[in-house]
Amino acid sequence: MSTSDRFYVTTPIYYVNDVPHIGHAYTTVAADVLARYWRLRGREVFFLTGLDEQGQKVQQAAAKAGIDPQTHCDKLAPQFENLWRKLNICNDAFIRTTDAQHKQVVQRYLQELFDKQLIYKADYSGWYCTFDERFWTEKDVADGLCPDCKRPVEKLSEHNYFFQMGQYQDRLIDHIKRHDQFIRPESRRNEVLGFLQSQKLSDLSISRPKSRLSWGIELPFDTAYVTYVWFDALVNYVSALEYLPREKSVGHGWWPANVHLVGKDILTTHAVYWSTMLMALNLPLPETIFAHGWWTVDGEKMSKSRGNVVDPNKMADEFGVDAFRYFLLREVPFGQDGDFSLTGMITRINSDLANGLGNLLSRTLTLIERTQGGVIPPPGICGPAEQELEQAAISLLREGLPHHLEQLEFNRALEAIWHVVQLANQYVDKTAPWTLAKDERDAGRLKTVLYTMGEILRCLSIAIYAVMPKSAQTICAQLGVADEFAQTLPIGRMRWGGLTPGTAIRKGSSLFPRIDSKIQGAKLVTESSVPSQPTVSSLPTAPPAPPAAPQITIDEFMKVQLKMAKILSAERVPKSEKLIKLQVSLGAEQRQIVAGIGKKYEPDTLVGKTIVIVANLKPAKLMGIESQGMVLAAGDADVRGLLTIQEEVDPGTKVK
């Protein structure tokens with residue numbers, strides 16, 4: 001097997017003392033998506049993650065707990081392993097830097113560099129940051145604080161061993177310039193180049209005296225020292241290939257890694273330290289080091305002191321694993337900083353997942369169950385509408401999805417998928433299978449429409465598999481088709497028509513239930529089926545009696561025609577903060593409505609919602625745009641939520 005048939009992806013090895021948070025989950029889910037995607041495409045994949053367990057902070061934490069460092073690490077390691085299982089992470093190996101085999105590889109490389117005279121001993125005096133386990137020069141330190149973590153540093157003078165990193169500066173600059181995919185995104189590449197071209201690269205202190213730090217890997221050429229934690233940690237990417245793969249020969253031909261995924265805070269250690277170490281060892285450099293951004297929470301930096309650290313375990317439990325995975329990769333472009341909010345997550349789940357893909361699956365299976373006895377019907381003659389949807393699905397699977405995922409454009413890949421989800425829901429509204437079912441003369445056309453709906457769902461299950469594997473498998477199971485993901489699906493095998501007529505469907509529970517309650521005590525405005533009512537405790541004391549509302553007769557009320565409508569598209573009205581122009585389906589017809597809901601909703605969150613409208617309101621023009629009805633919403637001066645109902649109802653159904 002050639003190296004092009006293999007794909008090796010790594011996360012950083014996470015610090016064992018950390019509590020797993022959204023940043024850890026973000027990197028690991030992204031790596032998992034790449035691993036699943038390439039496996040499905042037919043490449044042999046090795047996906048590595050693990051823990052960094054050496055160093056001064058581990059030693060200090062263990063001493064504080066009154067236990068030895070190894071016991072301390074053993075107690076903490078399961079919190080990461082359990083989280084990866086919960087998040088459905090498909091890593092092939094989990095490395096711990098306390099593994100005996102890893103230590104042997106690190107010592108072998110240290111000895112090799114020492115024998116090449118690339119490691120030397122010298123006196124050193126500098127500012128030391130215990131938190132980062134790193135020395136800083138005089139010019140780096142301001143006001144006695146570490147330039148990275150802003151914690152106090154201390155002045156240390158000691159003998160240490162140094163790796164001659166500086167001699168590789170020009171070679172590294174040349175490599176970065178010649179390989180535009182080596183450091184990504186481009187802004188990070190420019191950042192590293194700027195650093196290397198603006199100053200002389202110093203040699204790297206790669207030892208710590210045992211008198212100060214005993215918890216580390218002993219230098220093979222001087223047992224009075226242990227190695228610097230970054231020299232130990234970075235070697236994991238190569239050492240793992242020697243002893244962790246299931247196949248004994250798998251390590252041969254796997255290096256260099258295709259992708260190292262890292263946070264932007266550790267880009268320098270990977271792009272500079274790791275690269276020069278590999279050059280000194282005569283090993284090729286990885287194809288890509290991709291540094292993604294950080295997450296803030298409601299606009300604030302995430303920290304224990306603020307009490308706003310997002311727990312991935314709780315997010316998965318509250319919202320579902322696949323919904324959480326989807327949100328992480330859909331919300332922001334990979335490589336940029338992102339902001340986490342419960343409101344944003346709930347909006348994504350309700351608009352994209354529940355109203356979009358979940359609704360498409362539910363209405364498809366319901367119609368097949370009610371009109372076809374629960375069996376996939378054979379399609380008849382396909383018209384332009386079916387051909388358009390087929391072309392969109394195949395283009396997504398063969399072109400759009402591969403392009404975006406291979407460029408690590410996760411959010412754009414999901415945008416492309418949800419464009420097809422929207423097209424599919426619009427197809428259902430335009431073809432109106434519930435109307436076709438009322439006339440026996442349309443039976444053939446109905447079968448074609450229902451088959452097309454089922455087949456587009458099968459294609460979408462393939463498209464979402466890497467990001468939402470459980471949901472993809474659930475779609476296949478409910479369609480009654482064999483597991484599409486038990487075997488590889490190269491691009492050439494991604495064809496339309498894989499759904500077999502005569503297959504019995506197995507409709508199950510809702511794929512993505514809507515979220516309509518307050519989560520974990522957070523004060524959230526969520527949509528409700530009825531206007532919210534104040535609690536007794538919130539009512540003002542002795543309020544003045546409000547004026548009596550004018551009353552109408554039942555005959556007057558019956559003149560108002562309320563109907564269910566499905567939102568097909570939404571866009572803001574230019575020069576208006578409140579108005580949004582909606583195209584809605586009433587089943588047999590389509591209308592344009594201008595609604596004053598723009599302060600509450602973004603247009604893209606409205607598409608797919610089923611709402612209640614006044615259908616017989618005389619058309620009127622708002623800012624020059626005709627509105628053919630009125631949207632019902634809860635609220636007084638401000639809109640608090642659109643009026644809808646709990647059960648799925650066909651567009652055009654009367655409300656009474």
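Read-outs throughout are calculated quantities, based only on the coordinates presented, and are distinct from any laboratory measurement. Nothing here was measured: the structure is a model prediction, and the numbers come from that model. Cβ atoms come from the backbone with ideal geometry, glycine included; neighbour counts cover every protein chain shown.
Scattering from the C-alpha atoms of region 438-487 alone, worked out with Debye: what is log10 I(q)/I(0) at q = 0.25, 0.33 1/Å?
Reported log10 I(q)/I(0), two decimals: -0.85, -1.21.
Using only alpha-carbon positions, what ratio does the radius of gyration of the chain give when scaled by 2.2 N^0.38 Å?
Expressed relative to 2.2 N^0.38 Å, the Cα Rg reads 1.15.
Filter the GluC sites (Glu not before Pro) in region 186-250 to those in DSSP coil with at most 11 other Cβ atoms within 10 Å of their Cβ, and list the result.
Counting only loop positions with at most 11 other Cβ atoms within 10 Å, the GluC sites (Glu not before Pro) in region 186-250 are Glu247.
Tally the DSSP beta bridges in the chain and give the antiparallel ones as a percent, rounded to 5.
DSSP beta bridges in the chain are roughly 65 percent antiparallel.
Over the alpha carbons of region 164-247, what is the largest minus smallest coordinate on each principal axis, giving the biggest first in Å?
Largest first, region 164-247 extends 40, 40, 19 Å along its Cα principal axes.
So which GluC sites (Glu not before Pro) in region 110-150 pass both tests, a DSSP loop state and at most 11 other Cβ atoms within 10 Å of the Cβ?
Listed in order of number, the matching sites are Glu138.
Which Rg and Dmax, in Å, describe the Cα atoms of region 341-493?
15.8, 51
Going by Cα centres, region 2-79 and region 271-298 are how many Å apart?
Here the answer is 15 Å between Cα centres.
From the cross-link list Lys210/Lys304; Lys64/Lys210; Lys314/Lys563; Lys578/Lys609; Lys438/Lys507; Lys64/Lys150, which pairs have alpha carbons spaced over 27 Å apart?
Listed pairs above 27 Å: Lys210/Lys304; Lys314/Lys563.
Under a Cβ-Cβ cut-off of 13 Å, what is the net charge of the residues other than Glu369 that fall near it, where Lys and Arg count +1 and Asp and Glu count -1?
My count for the surroundings of Glu369 gives +3.
Using a cut-off of 30 Å between alpha-carbon atoms, which lysines can reach Lys177, once sequence neighbours fewer than 8 places away in the same chain are excluded?
Lys116, Lys139, Lys200, Lys264
For region 70-78, in order, what is each residue's ³J(HN,Hα) by Karplus, 6.51 cos²θ - 1.76 cosθ + 1.60 with θ = phi - 60°, in whole Hz (x at glycine and Pro)?
5, 4, 4, 5, 4, 6, 8, 4, x
Can you pull the semi-axes for region 549-639, root of five times each eigenvalue of the Cα gyration tensor, sorted largest first, whole Å?
Taking √(5λ) for each Cα gyration eigenvalue gives 22, 16, 13 Å.
Which whole-angstrom value gives the distance between the alpha carbon centres of region 470-499 and region 350-373?
Centre-to-centre distance over Cα atoms comes out at 18 Å.
Under 8 Å for C-alpha pairs, at least 6 residues apart: give me the relative contact order for region 341-493, rounded to a whole percent.
Normalised by residue count, the contact order of region 341-493 is 28 percent.
Find which of Ala62, Gly42, Thr288 sits farthest along the positive direction of the dipole of the chain, computed with +1 on the beta-carbon of Lys and Arg, -1 on that of Asp and Glu, about the Cα centre.
The one lying farthest along the dipole's positive direction is Gly42.
Over region 165-315, what portion of Cα pair distances is larger than 25 Å, expressed as a whole percent?
45
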